[in-house]
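Asks: One structure follows; several queries about it will come next.
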Amino acid sequence: MRYYTRRRPHVDRCASAWLLKRFVDAKAEFAFVEEGDQLQGAIPFDMSGADLGHHRGRCTFEAILAKHRLEDPALAELGRIIRSADLLDAEETLEGPGMDLLFRGLLSLSNDDHGVLALAEPILDALYAALQERRAARTHGPRRQPGARKR
Amino acid sequence: MKREWALLVYKIPPHPTRLRALVWRRLQRFGAIYLQDSVCIVPASSELTENMQWIADEIREMGGEAYLFRAAASSPPQEARIEGLFGAASRAEARRLLETVGGVARRLRQAGSAASLAEVEDELRRVRQGALKLRLRSHFPAAEEETLHRRLRALRDRVDRQALRAAKRR
């Protein structure tokens with residue numbers, strides 16, 4: 001399937017492309033257009049008015065999770081991080097604001113939008129792996145040390 | 001060089017009233033400044049403009065109206081006034097937080113027991129969070145913000161030292 005979005009992808013577009021490729025369609029292809037342009041036969045994402053866009057305060061990454069019924073809790077957590085990065089919402093997650101800075105930096109490393117997606121891939125793989133490990137540790141590891149102060 | 005701004009003009013259906021508050025909170029979070037009711041502004045970086053665009057879309061989904069402009073002030077003094085509004089918002093919030101920091105510092109001096117020290121630590125954590133959020137949404141930070149961050153670092157060091165001393169006594 002072909003997907004398209006706006007040029008100069010920031011965190012939500014990078015993460016959404018990664019999500020589509022890893023979990024929806026390994027052969028997904030991406031194209032970049034100017035704001036407001038349309039591409040026949042391709043699905044828009046993170047564009048104004050698109051189904052796969054921001055709705056009710058959720059980001060595009062989360063719209064893709066919902067649409068494709070991806071129910072992996074680590075992906076849901078990644079979605080919250082992406083949202084808080086994209087919307088500069090420090091109350092949603094602690095990690096978000098750092099991600100915003102990091103992904104803005106990717107844009108300065110490459111003038112080519114596909115190049116930015118390529119740079120983002122290993123970062124998102126790493127983030128996802130870390131979230132999975134953290135979840136596993138929380139689910140199976142010692143939940144609270146005996147005698148620890150209640151919070 | 002002339003600065004560009006993303007200027008949002010919107011109208012929200014009066015009911016339910018929470019929609020108004022919801023939009024206000026979202027805009028506030030990334031440091032938009034109200035020029036008057038339902039007219040607000042941020043520097044037109046690609047990211048902030050995008051955030052405004054999403055909010056404009058959402059306002060329309062709520063049944064309201066929203067118009068987003070890229071705008072420049074008509075003269076340098078006009079531009080300076082707009083920047084001044086951002087600076088004033090940063091100053092007001094930094095001063096509010098500095099007052100809280102002063103209160104926390106006083107309570108730290110009086111904190112004798114481990115329990116009261118723990119309370120001071122909690123208060124400090126809250127005000128540090130407030131300062132971080134302020135930094136994220138400050139596009140023209142006032143000098144008071146720097147003072148705030150410096151005081152917070154110093155206060156955190158004092159709290160840490162006092163906690164260590166208390167632990168040794170035990």
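Rule-based calculations on the coordinates, nothing more; no lab input. These figures come from a predicted structure and were not determined experimentally. With ideal geometry, Cβ positions are generated from the backbone for all residues, glycine too; neighbour counts draw on all protein chains shown.
Asks: Compute the signed sum of charges (Lys and Arg +1, Asp and Glu -1) over the other residues within less than 10 Å, Cβ to Cβ, of B:Ser45.
Replies: Counting the neighbours of B:Ser45, the net charge comes to -2.
Asks: Over its Cα atoms, what ratio of radius of gyration to 2.2 N^0.38 Å does chain B give?
Replies: Dividing the Cα Rg of chain B by 2.2 N^0.38 Å gives 1.33.
Asks: Just tell me the longest site-free run in chain A, where the sites are GluC sites (Glu not before Pro) in a DSSP loop having at most 14 other beta-carbon atoms within 10 Å.
Replies: A:92-151
Asks: Using a simple charge model, +1 on the beta-carbon of Lys and Arg, -1 on the beta-carbon of Asp and Glu, nothing else, what dipole does chain A show about its Cα centre, in debye to the nearest 20?
Replies: Around 920 debye, computed over chain A.
Asks: Of A:Leu109, A:Ile81, A:His55, whose Cα points farthest to the positive end of the dipole of chain A (charges on the beta-carbon: +1 Lys, Arg; -1 Asp, Glu; origin at the Cα centre)?
Replies: A:Ile81
Asks: Right, here's the next one. What ranking of B:Val39, A:Val116 emerges when the number of other C-beta atoms within 10 Å of each C-beta is taken as an exposure proxy, fewest first?
Replies: B:Val39, A:Val116
Asks: Given H placed on each backbone N at 1.01 Å, which residues far from B:Leu35 in sequence or on other chains put an amide H within less than 5 Å of it?
Replies: B:Cys40, B:Ile41
Asks: Can you return the lysines within cross-link range of B:Lys2? Criterion is Cα-Cα under 30 Å, with same-chain partners fewer than 8 residues away left out.
Replies: Partners within reach: B:Lys11, B:Lys133.
Asks: Counting only other residues whose beta carbon sits under 10 Å from that of B:Glu58, what net charge do I get with K and R as +1, D and E as -1?
Replies: Net charge around B:Glu58: +1.
Asks: Set the Förster distance to 35 Å, then compute FRET efficiency between A:Arg2 and B:Glu4 from the Cβ-Cβ distance, nearest 0.05.
Replies: 0.60
Asks: As I understand it, the value is the acute angle between the Cα axis of helix A:73-86 and the longest principal axis of the Cα atoms of chain A; what does it come to in degrees, rounded to 10?
Replies: Its long axis makes an angle of about 60 degrees.
Asks: Can you give me the Cα centroid spacing of region A:1-39 and region A:58-98 in angstrom?
Replies: The distance from the Cα centre of region A:1-39 to that of region A:58-98 comes to 16 Å.
Asks: Given the rule -39500 (n - 2.57) for each run of at least 4 DSSP H residues, summed and divided by the residues of chain B, what is its mean residue ellipticity at 222 nm, to the nearest 500 deg cm²/dmol?
Replies: When only DSSP H runs of four or more count, the value is -23500 deg cm²/dmol.
Asks: Can you sort A:Arg104, A:Arg13, A:Arg80 so the residue with the fewest Cβ neighbours within 10 Å comes first?
Replies: A:Arg104, A:Arg80, A:Arg13
Asks: Rank the residues B:Thr147, B:Thr17, A:Thr5 as a footprinting-exposure proxy: fewest other Cβ atoms within 10 Å of their Cβ go first.
Replies: Ordered by Cβ neighbours within 10 Å, fewest first: B:Thr17, B:Thr147, A:Thr5.
Asks: Cut-off under 20 Å on the C-alpha distance; same-chain residues fewer than 8 positions from B:Lys168 excluded. Which aspartates and glutamates are left, in chain and number order?
Replies: Result set, ordered by chain and number: B:Glu119, B:Glu121, B:Asp157, B:Asp160.
Asks: Enter the angle in degrees (range 0 to 90, nearest 10) between the Cα long axis of helix B:76-110 and the first principal axis of the Cα atoms of chain B, meaning the one along which they spread out most.
Replies: 20
Asks: Moving on. Determine which residues of region B:107-134 fall in the zone a paramagnetic label at A:Leu102 would reach in this model, i.e. backbone nitrogen under 14 Å from the point 7 Å along Cα→Cβ.
Replies: none
Asks: In square nanometres, what is one fourth of the surface area of the convex hull spanned by the alpha carbons of chain A?
Replies: About 10.2 nm², averaged over all directions.
Asks: At a Cα cut-off below 23 Å, give the lysines reachable from A:Lys27, other chains included and same-chain residues fewer than 8 away excluded.
Replies: A:Lys67
Asks: How far is the Cα center of region B:97-170 from the Cα center of region B:1-79, in Å?
Replies: Taking the Cα centre of region B:1-79 as reference, the centre of region B:97-170 is 34 Å away.
Asks: Right, next: What is the angle, in °, between the Cα long axis of helix B:46-61 and the longest principal axis of the Cα atoms in chain B? Nearest 10 is fine, range 0 to 90.
Replies: Value to nearest ten degrees: 70.
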